[in-house]
1. Scan the stretch B:83-96 and report the pairs whose first residue is in the same structural domain as B:I154 (by TED's automatic domain parsing) and part of a helix (DSSP H, G or I) and whose second residue is aliphatic (A, V, I, L, M) and surrounded by fewer than 23 Cβ atoms within 10 Å (Cβ to Cβ), with Cβ atoms within less than 6 Å and a gap of 6+ or a chain change.
2. For A:S387, work out the one condition from (1) modelled with pLDDT under 95; (2) farther than 30 Å from A:D4 by Cβ; (3) of a type outside the set (D, E); (4) under 31 Å from the mean Cα position of the chain (by Cα) it doesn't fulfil.
3. Any residue in the stretch B:146-167 that is among the β-branched types (V, I, T), in contact with a Leu (Cβ under 9 Å, 6 or more places away or on another chain) and farther than 27 Å from B:A261 by Cα?
4. Output the qualifying pairs, or none if there are none: Cβ atoms under 6 angstrom, residues six or more apart or on different chains, first residue in the stretch A:214-226 and closer than 23 Å to A:N403 by Cβ, second residue small (G, A, S) and in a helix (DSSP H, G or I).
5. Report, by residue number, each residue of the stretch A:341-362 that is charged (D, E, K, R) and modelled with pLDDT of 90 or more.
6. Within the stretch A:277-301, how many residues turn out to be among the acidic types (D, E) and in a helix (DSSP H, G or I)?
7. Just name the residue that is surrounded by the fewest Cβ atoms within 10 Å (Cβ to Cβ) out of those in the stretch A:49-82 that are part of a helix (DSSP H, G or I), in contact with a strand residue (DSSP E or B) (Cβ under 9 Å, 6 or more places away or on another chain) and away from every other protein chain (no Cβ under 13 Å).
8. Out of the stretch B:111-136, which residues are touching a helix residue (DSSP H, G or I) at 6+ places or on another chain (Cβ under 8 Å) and surrounded by fewer than 21 Cβ atoms within 10 Å (Cβ to Cβ)?
Number of protein chains: 2
Amino acid sequence: MQIDPSPLALPFPVLPAIAGVTLRVARARYKDWDRADLTFAELADGTSVAGVFTKSACASSEVELGKANVTQGHARALVVNAGNSNAFTGWRGREAVEAIMAQTSAALGCPREQVFVSSTGVIGVPLPQHKARAGIAAALEAEPCGWEDAANAIGTTDTFAKGAGASAMVGETRVELAGIIKGSGMIAPDMATMLGYVFTDADVAPAFLQEVLERANRQTFSCITVDGDTSTSDTVMVFATAKAGNARISGWDSPGADAFAAALANVCRKLAQLVVRDGEGARKFITIRVSGAVSDASARTIGLAIANSPLVKTAIAGEDGNWGRVVMAVGKAGEPADRDKLSIAFGGIWTARNGVPVEGYDEAPVALHLKGEEIDIAVDLGLGEGSATVWTCDLTHGYIAINADYRS
Amino acid sequence: MQIDPSPLALPFPVLPAIAGVTLRVARARYKDWDRADLTFAELADGTSVAGVFTKSACASSEVELGKANVTQGHARALVVNAGNSNAFTGWRGREAVEAIMAQTSAALGCPREQVFVSSTGVIGVPLPQHKARAGIAAALEAEPCGWEDAANAIGTTDTFAKGAGASAMVGETRVELAGIIKGSGMIAPDMATMLGYVFTDADVAPAFLQEVLERANRQTFSCITVDGDTSTSDTVMVFATAKAGNARISGWDSPGADAFAAALANVCRKLAQLVVRDGEGARKFITIRVSGAVSDASARTIGLAIANSPLVKTAIAGEDGNWGRVVMAVGKAGEPADRDKLSIAFGGIWTARNGVPVEGYDEAPVALHLKGEEIDIAVDLGLGEGSATVWTCDLTHGYIAINADYRS
């Protein structure tokens, strides 16, 4: 099935090269297609690594090994396979990952646990070892490539290449960050997974890198949803090559720590939003701002209940300011809410305040807002200071077409 | 918008009259339509009542008052308004419910708290009191009607009338149960709610009636989902008129208690399944059996995670035995699961066992099963003795058409 590019697609940005990162791609032919599907990032000696992974109880061996190995804090290589997620493949799947780690560590002369592997695609088929082996050999001999080539090579049913960058001043030193991501539904036709990678030349201690990644993740990747379905392989990693020459950032007291954390969160937010923009069948990009909740965590849960509600998502698809469905979603979130303190706005226009529709509410500007591509929903609970912003897309015939009409 | 009858519709069954229950319907004209939309059930003096209600934090005044008043255990009347849910209408909504209770209690000469009111339909518009007043007056003068008329009158976007019955031997006495229900999505275009009512001539003490209803609810209404969206008005009530002349059932030790509880659960299960059969856009009725979980509650959570997954529901719509999506849904359920002990079957044919695809698995019989209207998915966790069965429908273009294409 050929899927048209998302109407919400953005052009691939200009991203700087990151010293200490060499990208290469190759054709492992995990599927019967004519494109690069193996991405190999070689990382300079001394690169710090951090990662966050799917909470799925059925995670792939790639995720299990990545989670275990990220704790030692250093990385020399990242290998990403597209077209086969290698999930739910038992010991054969694990063997395939270990073979990739062994081949790569031998080629680079590094410990095996410094090689990280991700795979995305069909579930339940062990990754063919001979294809991986040949693909890695080809990648090791290939010319280095740029970010957009790598972003395309990690994609599966993505309809456009996704990348984002930022820079930060760490003391007197400017450090650069560049990231790429793939993902379209939490799972696409027999494909799976959101995979995101951020590379920086900053010198950051692994433990602190993990801390700032987890903090950024809570406010970015953990605040997006396309269909509420969580993949078995979701992975976001950060690699810091230490080539910029800044004084090492090892905690919040280090010069530039705040600036670096903000830049990382910035890249993560852009990447997360790009996944929503490529959401299966998406025609509208929806921002949901929740305020007045009893806590930030409660606000996020309520925001995701709204963002995951098929009735809210179809209302937006239908350009229908149906705030009754937002009330419904708030009510079912399982978080503290008081019907008679609840206020709801579309595009900055309050349609309901303190539990009742606004008197003489003019539907025309709301209708105009809903015709656009960028939809804003604000919900104020009127209870406390907790707030959160989440992002999602609408639910359209395109989603059904991609996931039901197409037979795997 | 005219919606075609569900392809999964069943004919309305023959149901017995229940002594002590008089049904009447009237045209309150809550919407601009030519149909009965107010249902009035008069109940004999001494009728026991029990109820379970939505857990929504934004529940309607009908739900709030019903929840409070059901605790006194007796009922003389039930009034159901269709076309306006009266939810999210603040003090004016509450006033409308109280006016109905006052008018009805004056007419019947009973305490106000023995009058139960439900409303279903658009959210955010106070129920017009003058329409309710005239409708109740008309109902009080109307000829009694049968179950199917009442089932039609409580409906909103339902595509067929839904009822179910059962009988049980309590000692030497045969008692009858008859129930009606409405519901199609948790919410339909600007309409809301699942409302279900079971009537019986059995003599049952209110506290025990509540206990057996809650038990039945856990295994029936709480095990269905159309779209995972919970209404602000969901209500299921049981009325027991005590006209059958059985020795009162007041606890599990009373003769016939088990038989009565089983009959009530039977009616609840049939009614719950009818709601799924009228699920918005449904073309397939899906039964998901989960076994081997650490507890029954864990099995139910996993079953609902599968049943609510848009990717599983679209796979079934596409007649695609995509068990990778079932693995994904088990993984995200947040309950104990071991990838390498997980087994999955479609239509009784195991496609994956102990975490790997079944060797030489023949797809033909599974494909044939998936072409049918009744789909069975079995999941065995291999961990313990917990089990649950949940019911849902597929997710089709019809759901999007009903909820997005149509403008309220």
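The values are calculated or read from the model by the stated rules, or taken from the named source; none is laboratory data. It should be emphasised that the depicted structure is a prediction, and the values quoted were computed from it without experimental measurement. Using ideal geometry, Cβ is built from the backbone for each residue, glycine included, and neighbour counts are taken over all protein chains shown.
1. Going by the 6 Å Cβ cut-off, the qualifying pairs are B:G90/A:V356.
2. Just one mismatch for A:S387, condition (1).
3. Applying the first criterion (among the β-branched types (V, I, T)) to the stretch B:146-167 yields B:154, B:156-157, B:159.
Those still in the list that are in contact with a Leu (Cβ under 9 Å, 6 or more places away or on another chain) too: B:154.
Subsequent filtering for residues that are farther than 27 Å from B:A261 by Cα retains none.
Within the stretch B:146-167, not a single residue is among the β-branched types (V, I, T), in contact with a Leu (Cβ under 9 Å, 6 or more places away or on another chain) and farther than 27 Å from B:A261 by Cα.
4. Hits for this filter: A:F221/A:A272; A:I224/A:A272; A:T225/A:A307.
5. A:K341, A:R353
6. Within the stretch A:277-301, residues that are among the acidic types (D, E) and in a helix (DSSP H, G or I) number 1.
7. A:Q72
8. The answer is B:P111, B:R112, B:E113, B:P126, B:P128, B:Q129, B:R133.
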